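Trainee: This structure is in structure tokens; I'll ask about it shortly.
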Protein chains: 2
Amino acid sequence: MLYLVGLGLADETDITVKGLEIVKKAERVYLEAYTSILLVDTSKLEEFYGRPVIVADREMVESSSDEILHNADKVDVAFLVVGDPFGATTHTDLVLRARELGIEMRNIPNASIMSAIGCTGLQLYSFGQTVSMVFFTDTWKPSSYYDRVKQNAEHGLHTLVLLDIKVKEQSLENMARGRKVYEPPRYMTVAQCAEQMLETEAERKEGICGPESLAIGAARVGAVDQQLVVGTLEELTKVDLGKPLHSLVLLGTKTHELERDYIRRFAVDTATFDNIWKKHYEAKP
Amino acid sequence: MLYLVGLGLADETDITVKGLEIVKKAERVYLEAYTSILLVDTSKLEEFYGRPVIVADREMVESSSDEILHNADKVDVAFLVVGDPFGATTHTDLVLRARELGIEMRNIPNASIMSAIGCTGLQLYSFGQTVSMVFFTDTWKPSSYYDRVKQNAEHGLHTLVLLDIKVKEQSLENMARGRKVYEPPRYMTVAQCAEQMLETEAERKEGICGPESLAIGAARVGAVDQQLVVGTLEELTKVDLGKPLHSLVLLGTKTHELERDYIRRFAVDTATFDNIWKKHYEAKP
């Protein structure tokens, strides 16, 4: 049996009791380690599970899935995924391959940022489609996310923006020379995301994510030091929310008063928040 | 400290290790038992936690929140919520009241149907806003959900439809007479939901959820007997997915081929699925 086990968002104790039992009994345990990260090291996981964990990078999952699935029709293999196994990144390739090999699969759900973002106090019902934000470079500033945020905004809906993670990336030079040397990991911050959104807005000028748009920055959701901060995108370019992972929610105009009451206490500056709220959000459809 | 602890979706072992530790140590443990249910009885939870659980119905949470929060500035109180604490139903009222009383709060996220629905193989990125479907009566058939499904459909997005639960409801007669006698609980099935969607479509006629619209029925997500079935709404009116809880996803036209490959094996009838796919979904924007 192939078990896809969600690990939740923060540390080793966010696994479910059901998931932990499976990990303890499985023949082999893999950790998918390229689309998201826990806030603790793999060694901490190994200690907690009382057994070794094989770190599976993108290359392994995409090119050597048969190695992961080896024998899984006879023994139990656990494939651990940060968040929910079918969250931001689905592992449909792996499951489809398992099907071809006649291997049964079971998923053990867990918290995903896609729903845990409800901790902002915003109604999950009022979110439109989720978008992701990649690191801009001097020559590559993709703005397709802007169209989707716009579709949400037209209906007054919030947008969850998932921020880029660069793990085990090669520099162009190293890639060209075939050297398996990797850059240090990079995690986009709320401030960087806010800056990029303002950059796109300055170019597109459709009033979707300008300096006076309200947004919520969320850091380390589910951890003891979880942090929420509310402000205009302009304000958020200056906040430091500390260690990864960060996410951002762009507020929709349909925001309910109860949602406002909830988020107001996280405002960078309450007076600014109240002003902007009155100007752009209050009593909007 | 007030702890909002997510219980996940299926049974007592879906609590996280972190959540379980909190429950074991808390002074009082409440279970919010009116917006969703686990698939096991409260007695099973009590046995697993090794301690009593106070069932909190809507009346208690809405009218007697101070009773729940009593002393929580000095001792730990755990408030258990099926799914994620801030999932489909946010408990912002309770948290806002806690804030007024100067009580600190921490949330322990867990799987919510809002993200666990990814187990269908559909990309969570391609979902628009979630809607809920209430039981129609002879005189009350609210169709506001239809407008939101339409907004999603216009952008080719999937829609998650959460199905009505009636727990501890009074009949009109009992309510009028002030008798605290409750009707047996009712949980909407995928078949009932599909039927109601066809009913609304017959009235609105905008081609949003007609007999040839493809949808996925999901039952008991995360449980051992989790079940997925794919078919037209017409076909789904005839399926029996067994015990609660059920959810439904109306497929958007932006469905990716990999998503199709994943869901095809759950088709009520593969030939019908292939035909309808070709006719209405393939290569659509």
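Trainee: On a 1.4 Å probe surface of the protein chains, which of A:Thr270, B:Thr130 comes out largest in accessible area, and what is the full order?
Mentor: Values: A:Thr270 55, B:Thr130 15 Å².
So the residues, ranked largest to smallest area, are A:Thr270, B:Thr130.
Trainee: How high is the relative contact order of segment A:158-285, in percent, with contacts defined as C-alpha pairs under 8 Å that are six or more residues apart? Walk me through the numbers on the way to the answer.
Mentor: Values: 209 pairs, mean separation 34.4, N = 128.
Reported as a whole number, the value is 27 percent.
Trainee: Across the residues of A:165-173, average count of Cβ atoms on other protein chains within 10 Å?
Mentor: Details: counts 0, 0, 0, 0, 0, 0, 0, 0, 0.
Per-residue shielding by partner chains comes out at 0.
Trainee: From the convex hull of the Cα coordinates of segment B:2-111, what is the mean projected area in square nanometres? The partial results should precede the final answer.
Mentor: Values: hull surface 23.1 nm².
Taking a quarter of the hull surface, the average projection is 5.8 nm².
Trainee: Return the percentage of antiparallel bridges among DSSP beta bridges fully within the protein assembly as shown, rounded to the nearest 5 %. Walk me through the numbers on the way to the answer.
Mentor: Details: 37 of 81 bridges.
Antiparallel bridges make up about 45 percent of those DSSP assigns within the protein assembly as shown.
Trainee: Of B:Ser64, A:Ser63, which has the most accessible area with a 1.4 Å probe, and how do the rest follow in descending order? Don't skip to the answer; put the middle values down first.
Mentor: Details: B:Ser64 35, A:Ser63 90 Å².
Solvent-accessible surface, decreasing: A:Ser63, B:Ser64.
Trainee: Kindly give the distances from A:Glu203 to its copy-mates, label point to label point, with each label point 7 Å from Cα along Cα→Cβ, as nm values to one decimal ordered shortest first.
Mentor: Between copies, matching label points for A:Glu203 lie 4.6 nm apart.
Trainee: Return, ordered by residue number, the residues of segment B:26-50 whose backbone nitrogen is under 18 Å from a label point located 7 Å along Cα→Cβ of B:Lys74.
Mentor: Residues B:26-29 fall inside that zone.
Trainee: Using a 1.4 Å probe on the protein chains only, how many percent of the accessible area of segment B:2-111 belongs to carbon and sulfur?
Mentor: Working: 1890 of 4240 Å².
In segment B:2-111, the share of accessible area belonging to carbon and sulfur is 44 percent.
Trainee: Amide H neighbours of A:Lys141 under 5 Å, counting only residues 5+ apart in sequence or on other chains, H built in-plane at 1.01 Å?
Mentor: So A:Lys141 has HN proximity to no qualifying residue.
Trainee: Rounding to the nearest 20 debye, state how big the charge dipole of the protein assembly as shown is about its Cα centre with +1 on each Lys and Arg Cβ and -1 on each Asp and Glu Cβ. Could the numbers behind the result be given before it?
Mentor: Numbers: 64 positive and 86 negative charges, 8 e Å.
So the magnitude is around 40 debye.
Trainee: Additional query: Using only alpha carbons, build the gyration tensor for chain B and give me the equivalent ellipsoid semi-axes, biggest first, whole Å.
Mentor: So the equivalent ellipsoid measures 37, 22, 17 Å along its semi-axes.
Trainee: In terms of solvent-accessible area of protein heavy atoms at a 1.4 angstrom probe, what is the ranking of B:Lys168, B:Lys18, highest value first? Don't skip to the answer; put the middle values down first.
Mentor: On the way: B:Lys168 100, B:Lys18 15 Å².
Result, largest first: B:Lys168, B:Lys18.
Trainee: Classify segment B:114-281: rounded, prolate or oblate, from the alpha-carbon gyration tensor (a ≥ b ≥ c, eigenvalue square roots; a/c under 1.5 rounded; otherwise prolate if a/b is larger than b/c)?
Mentor: prolate
Trainee: Can you compute the helix-only [θ] at 222 nm over the protein assembly as shown? Use -39500 (n - 2.57) per DSSP H run of at least 4 residues, normalise by all residues, nearest 500 deg cm²/dmol. Mind showing how you got there, number by number?
Mentor: Values: 24 runs with 182 residues, N = 570.
Taking each H run of at least 4 residues, the total per residue is -8500 deg cm²/dmol.
Trainee: Out of all DSSP beta bridges in chain A, what portion is antiparallel? Express it as a percent rounded to 5.
Mentor: Details: 18 of 40 bridges.
Roughly 45 percent of the beta bridges in chain A run antiparallel, per DSSP.
Trainee: Taking amide H atoms as placed 1.01 Å from N in the peptide plane, list the residues 5 or more away in sequence, or in a different chain, whose amide H sits under 5 Å from that of A:Leu162.
Mentor: A:Val131, A:Ser132, A:Met133
Trainee: Still on this model: With respect to the axis carrying A onto B, what is the closest chain A residue by Cβ position, and how many angstrom separate it from the axis?
Mentor: A:Ser115, 2
Trainee: From the phi of every residue in segment A:48-58, what ³J(HN,Hα) in whole Hz does the Karplus formula 6.51 cos²θ - 1.76 cosθ + 1.60 yield, where θ is phi - 60° and glycine or proline is x?
Mentor: Going residue by residue, I get 5, 7, x, 6, x, 10, 8, 7, 9, 8, 4 Hz, with x marking Gly and Pro.
Trainee: Hand me the trypsin sites (Lys or Arg not before Pro) from segment B:217-285 located in a DSSP loop with no more than 11 other Cβ atoms within 10 Å, in residue order please. Can you show the working numbers first?
Mentor: Values: sites: B:Arg220, B:Lys238, B:Lys254, B:Arg260, B:Arg264, B:Arg265, B:Lys278, B:Lys279; in loops: B:Arg220, B:Lys238, B:Lys254, B:Arg265.
In loop regions of segment B:217-285 (DSSP not H, G, I, E or B), the sparsely surrounded trypsin sites (Lys or Arg not before Pro) are B:Lys238.
Trainee: Can you list residues whose amide H is under 5 Å from A:Phe127's amide H, if they're 5+ apart or on another chain and H is modeled 1.01 Å from N?
Mentor: Distant-sequence amide H within range of A:Phe127: A:His158, B:Thr130.
Trainee: Same structure, new question: Using a simple spin-label model with points 7 Å from Cα along the Cα→Cβ vector, what separation in nm is obtained for A:Ser63 and A:Leu172?
Mentor: Result: 2.2 nm between the two label points.
Trainee: B:Val224 versus A:Val55, label points 7 Å from Cα toward the beta carbon: distance in nm?
Mentor: Going from the B:Val224 label point to the A:Val55 one covers 3.6 nm.
Trainee: I need to check one value: relative contact order of chain B, counting alpha carbon pairs closer than 8 Å and at least 6 residues apart, in percent.
Mentor: On the way: 527 pairs, mean separation 50.6, N = 285.
RCO, chain B: 18 percent.
Trainee: So for segment A:2-111, averaging the separation of alpha carbon pairs under 8 Å that are six or more residues apart and normalising by length, what relative contact order in percent results? Display every interim value, and only then the final one.
Mentor: Details: 187 pairs, mean separation 51.0, N = 110.
Normalised by residue count, the contact order of segment A:2-111 is 46 percent.
Trainee: Sticking with this structure for a sec: Considering the options A:Val167, A:Ile263, A:Ser115, tell which one lies farthest towards the positive end of the dipole of segment A:114-281, charges being +1 on Lys and Arg and -1 on Asp and Glu at the Cβ, about the Cα centre.
Mentor: Checking the options against the dipole of segment A:114-281, the answer is A:Val167.
Trainee: Classify the protein assembly as shown as rounded, prolate or oblate, taking a ≥ b ≥ c as the square roots of the eigenvalues of its Cα gyration tensor: rounded when a/c is under 1.5, otherwise prolate if a/b is larger than b/c and oblate if not.
Mentor: Values: a/c = 1.14, a/b = 1.09, b/c = 1.05.
Cα axes put the protein assembly as shown in the rounded bin.
Trainee: Taking θ as phi - 60°, what are the ³J(HN,Hα) couplings along segment B:151-162 by the Karplus curve (6.51, -1.76, 1.60), each to the nearest whole Hz, with x for Gly and Pro?
Mentor: These are the phi-based 3J(HN,Hα) values: 4, 5, 4, 4, 9, x, 8, 6, 10, 7, 10, 8 Hz.
Trainee: With label points built 7 Å along Cα→Cβ from the Cα atoms of B:Glu212 and A:Thr272, find their separation and express it in nm.
Mentor: For B:Glu212 paired with A:Thr272, the spin-label model returns 5.4 nm.
Trainee: State the antiparallel share, in %, of DSSP beta bridges confined to segment B:114-281, rounding to the nearest 5. Before the final figure, lay out each step's value.
Mentor: Details: 17 of 22 bridges.
Percent antiparallel among DSSP bridges in segment B:114-281 is about 75.
Trainee: Let me ask you something else. Considering only the label points, 7 Å along Cα→Cβ from Cα, what distances in nm to one decimal separate B:Lys25 from the same position in each other copy, shortest first?
Mentor: 2.9
Trainee: Same structure again: Using only Cα atoms, locate the centre of segment B:191-266 and the centre of segment A:99-174, then give the distance between them in Å, rounded to an integer.
Mentor: Measuring centre to centre over Cα atoms gives 25 Å.
Trainee: Output the pairs from A:Lys141/A:Lys205; A:Lys24/B:Lys24; A:Lys279/B:Lys254; A:Lys284/B:Lys205 with a Cα-Cα distance over 25 Å in this structure; if there are none, say none. Before the final figure, lay out the partial values.
Mentor: Values: A:Lys141/A:Lys205 15 Å; A:Lys24/B:Lys24 22 Å; A:Lys279/B:Lys254 36 Å; A:Lys284/B:Lys205 29 Å.
Cα-Cα > 25 Å for A:Lys279/B:Lys254; A:Lys284/B:Lys205; rest within.
Trainee: Can you run phi through the Karplus equation (6.51, -1.76, 1.60; θ = phi - 60°) for segment B:73-87 and list ³J(HN,Hα) in whole Hz, with x for Gly and Pro?
Mentor: Per-residue couplings from phi come out as 6, 10, 10, 8, 10, 9, 10, 8, 10, 5, x, 9, x, 10, x Hz.
Trainee: Would you please put A:113-124, A:39-50 in order of how densely packed they are, using the mean number of other Cβ atoms within 10 angstrom per residue and starting with the highest? Let's see the in-between values first.
Mentor: Values: A:113-124: 26.1, A:39-50: 14.7.
Sorting A:113-124, A:39-50 by mean packing, highest first, produces A:113-124, A:39-50.
Trainee: Could you work out how much longer the chain between A:Lys180 and A:Lys141 gets when fully extended? Use 0.36 nm per residue separation minus the Cα distance between them, nm to one decimal.
Mentor: On the way: separation 39, 0.36 × 39 = 14.04 nm, distance 2.65 nm.
Full extension from A:Lys180 to A:Lys141 adds 11.4 nm.
Trainee: Provide the net charge surrounding B:Asp11, with neighbours chosen by a C-beta distance below 13 Å and charges set as Lys +1, Arg +1, Asp -1, Glu -1.
Mentor: On the way: positive: A:Lys18, B:Lys44, B:Arg220, B:Lys243; negative: A:Glu21, B:Glu12, B:Asp14, B:Asp41, B:Glu47, B:Asp225.
The answer is -2.
Trainee: Can you compute the charge dipole magnitude of chain A about its Cα centre, using +1 on each Lys and Arg Cβ and -1 on each Asp and Glu Cβ, nothing else charged? Give it in debye, rounded to the nearest 20.
Mentor: Details: 32 positive and 43 negative charges, 39 e Å.
With only Lys, Arg, Asp and Glu charged at Cβ, the dipole is about 180 debye.
Trainee: Quick one: label points 7 angstrom along Cα→Cβ at B:Asp138, distances to the other copies in nm, smallest first?
Mentor: So the distances to the same position in the other copies read 7.5 nm.
The values are calculated or read from the model by the stated rules, or taken from the named source; none is laboratory data. On a predicted model such as this, the values are computed, not experimentally measured, just so you know. Heads up, the Cβs are rebuilt from the backbone with ideal geometry, glycines too, and the neighbour counts pull from every protein chain shown. All accessible areas refer to the heavy atoms of the entire protein, side chains included, with ligands and DNA or RNA removed. Shrake-Rupley method; radii C 1.70, N 1.55, O 1.52, S 1.80 Å.
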